[in-house]
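Asks: Can you read through this structure? Questions will come right after.
The values are calculated or read from the model by the stated rules, or taken from the named source; none is laboratory data. These numbers were taken from a predicted model, which means no experiment stands behind them. Glycine gets a Cβ as well: all are built from the backbone with ideal geometry, and neighbour counts include every protein chain shown. Side chains included, ligands, DNA and RNA excluded: accessible areas come from the protein's heavy atoms. Shrake-Rupley method; radii C 1.70, N 1.55, O 1.52, S 1.80 Å.
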Amino acid sequence: MWKRHLFLALSLAAGIHLFAQVTLEECVTSAQDNYPLIRKYDLLNRTKEVNLANINKSWLPQINIYGQGTVQNETPSFPESLAGIISQTGTSIFGLNEWQYKIGADISQNIWDGGASKTERKIERAEDAERQAALDVQLYAIRERVEALFFGVLLMEEQIKQTRNMQALLQNNLDKLQTMYENGTALQSDVDMVEAQCLTTAQQLIQAESTARSYRKVLELFTGKSLAGQELVRPDASMPQYLLPDRPELKHFAARLQANEARNASITASTMPRIGLFAQAYYGYPGFNYFESMVNRDLSFNILAGVKVSWNIGAFYTKKNNRQLLRLSSNNIAVERDVFLFNTKMQTRLQLDRIDELKAIMKENDRIVELRANVRKAAESQLDNGVIDAIDLLAKLTDERQARLNASYHEIQLLQSIYQLKYTLNQ
């Protein structure tokens, strides 16, 4: 039974340990999900749907309701001679009244718009893809900032680790010197010197811990999650599988070119004729039957319907120039893309050289640390025998600490350089 309880306790401890670890990819994903800009994706989608709905509604009948009243100084009437002849029959003809009024509606219905609505839908979708791609570029930049903070925490925590190791060594030698001083084999100045170095190292530890906490707090703001008591896991040092960039900027360039192609189709649509049905209906005076309105001046209901063909010939005047402007815009986008690719290629080369440099430097790190540790141990032995003083010992301790720091820094710097390369390539 006790074995089962022990197994459960170990399993629970392991689970807690695993839960307390945070990876770089988790931080990047959380930061992108937490960044306020992420809400714009939903806003862009909703904007696109509204715009498409408005374009589709252009095919609905267009109705204009109006009411009007006018007065004019001249109106159509019969010549006096003709009016006199007609009046002899007992019929009075007054002509149209100067006061005229009506209330009605004009109705129109598109039958063919030359492909304008189709190209408008195409343009809207292309511009939405362009806006989405631009948003992807902005969110991608969050990754670089989060990675810089993540590796900054790793560097500071490594410095904290090495500083604590240095504290332990200094305290150990301080205890020895105090014993030697009490036995009359060491000077008070030696004890004071090592103690001062202990205090200085304690100050350095406070500064490193404060900086690490500050980095963690900023990282928490980005991710929207608490990182207290959680270990940041060093990512793997695998190199990118290929060196071709797949950045969101390239998709943004492609989306901009697609939007220009869609706009090019709208130029063709603007030169096509439009065909539609129309109807006019009103109740008022005068009606379409002017002779009847001249005689009795009564209100009447009137309706007119037909087919209308319109063709804006003026669109042909600017067609060539508009197409040239789009070509120039597309050429400008292509130049921006080529500049981006050139800069990315150059940056990739520099980052590869930096990675090779760090790998070459790191080959001797272990040997340097080993040698510095041997020298420090020899110095401690010499101090026990009174051969060297505290100044020489502190120099050897400092050299070993610096060697260990350099070795740790190089490892983290190599990881950071690899991930900077992955950021450049989006891998």
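Asks: Ignoring ligands, DNA and RNA, what percent of the accessible area of the chain is carbon or sulfur (1.4 Å)?
Replies: The computed percentage sits at 57.
Asks: What is the Cα coordinate range of the chain on the first, second and third principal axes, sorted by size from largest, in whole angstrom?
Replies: Here the spans come out as 155, 54, 50 Å, largest first.
Asks: Now a separate question. With a 1.4 Å probe and every protein chain left in place, tell me how much accessible area M362 has, in Å² to the nearest 10.
Replies: Ignoring ligands and nucleic acids, M362 comes out at about 50 Å².
Asks: Scan the chain and report its longest stretch carrying no chymotrypsin sites (Phe, Trp or Tyr not before Pro) that are both in a DSSP loop and have at most 15 other Cβ atoms within 10 Å.
Replies: Of all site-free stretches, the longest is 95-241.
Asks: What are the lysines whose alpha-carbon lies under 20 Å from the alpha-carbon of K118, with same-chain residues fewer than 8 places away excluded?
Replies: Correct list for K118: K48, K57, K319.
Asks: In terms of Cα to Cα distance under 19 Å, which lysines are near enough to K359, apart from those fewer than 8 places away along the same chain?
Replies: Leaving aside lysines fewer than 8 places away in the same chain, those within reach of K359 are K422.
Asks: Continuing with this model, one more query. Could you pull out the pairs from K161/K377; K122/K345; K40/K345; K176/K377; K251/K345 whose alpha carbons sit more than 24 Å apart here?
Replies: Going by Cα-Cα distance, K122/K345; K40/K345 fall outside the 24 Å limit.
Asks: Loop by DSSP (not H, G, I, E, B), at most 16 other beta-carbon atoms within 10 Å: where is the longest site-free stretch of the chain for GluC sites (Glu not before Pro)?
Replies: With a cap of 16 other Cβ atoms within 10 Å, the longest stretch comes to 99-363.
Asks: Can you send over the solvent-accessible area of I368, 1.4 Å probe, protein chains only, in Å² to the nearest 10?
Replies: Counting only protein heavy atoms, the figure is 80 Å².
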